[in-house]
């Protein structure tokens, strides 16, 4: 089958298809396991305590961006062209600088935490929870940057697959064993288990990538462009937040105007839709190294056909996901309790979130791969502001359904902004219109949109 695909689609497209399928399976599996360990968490802890644990984990994920200043998001822009041009010193310097930045920021993090306690700022978490959270922050940062480096080196599976699966597996096993043993757990136990899962992830990543990182041992480092790397990482930070941590932001924003019960309905509904979102992101991640290489080589026809292949895969996945939600969505909501059936309308509305992402295409991937940090920043800031304003406004008017409408509209505005900026700055059409490049006899792949 793989050989057949290789002949029919070419190695780039078949490789992207295989990576996409693997990542879709991994992301869906990880999301299912996340639902499982969330259910276990609720059974082991009181609702208030489980909320503190989930809050601490979310905070650890978001603050981990500070540890790297999001430099790793520019890996495609820096490492791919450097290796293509034979500038291994630059690639080595970039990777080493990323790692060293985590080491430099760790004392800063500890100082900030110490200052918070010294001035007596009240925090709901116990010292043990905060300590576990600090450890998790550092390890999440290491796992994320290693995954980005692996993708830029063309061995994405070795870096990203452990990051997707290790955490959910460890948390599910750990909480499952605790539940079977009848243990009494505290929030800090859960946060520490999360930190352990991230530590195991880092160990697995580095074991798998040992051979791929050997060039670092024999290559000098060129860090002369560190300031530009830092600026690019900061510009791309809103993009990271709006893609990787979108779920946390949506739920936190909805909680500003919804009751606790309504927030739970909204969170569960989005968690189910997030399985489809993960599939869309998986395809973009799988194809991003190949698209970045094509753009670095100015191979416009190859770039457009890669965009078309990824769009076709995402469209097929979206249609399958929509059918499954329509058939089994109500049953899935019932797993959390009969009261969650009230989230059914919101669940159907939020199907439009992955739909708009598929139709409008991976503009943010294209812009970040070409180092257009300011444009990526602008588009994602528009999306973030829209998210807060629209979810709060419509949620206050119509509850869970209103918050779902606000989330869809915010995603649509952010995606439109990204697509417009991509067309203006790169002259590339990222939308599903690229499917025309898969038609037999189509040879206009080198044509681009006039900026």
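Any read-out appearing in this document is the output of simple, stated calculations on the displayed coordinates, not a laboratory observation. Bear in mind the structure is a predicted one, so any value in this text is a computation, not a measurement. Ideal geometry is used to build each Cβ from the backbone, glycine not excepted, and the neighbour counts take in all protein chains shown.
Below is a table of values for the structure above.
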| quantity | calculated |
| --- | --- |
| Packing-based exposure ordering (other Cβ within 10 Å, fewest first) of 148, 223 | 223, 148 |
| Pairwise label distance in nanometres, residue 393 with residue 186, each label 7 Å out on the Cα-Cβ vector | 4.5 |
| Scaled radius of gyration (Cα, divided by 2.2 N^0.38 Å) that region 284-373 gives | 1.44 |
| Residue exposure sequence - 200, 272, 116 - by fewest surrounding Cβ within 10 Å | 116, 200, 272 |
| Extension gain from residue 42 to residue 244, taking 0.36 nm per residue of separation minus the Cα-Cα distance | 70.3 nm |
| Gain upon complete extension [residue 385, residue 330; 0.36 nm per residue less C-alpha separation] | 16.7 nm |
| Shape category assigned to region 45-235 from the gyration tensor of Cα positions, a/c cut at 1.5 | oblate |
| Relative packing of peptides 71-82, 96-107, 210-221 - highest average C-beta neighbours within 10 Å first | 71-82, 96-107, 210-221 |
| Additional length obtainable on full extension of the chain from residue 342 to residue 316, 0.36 nm per residue less Cα span | 6.5 nm |
| Sorted by Cβ density within 10 Å, fewest first, the residues 339, 262 | 339, 262 |
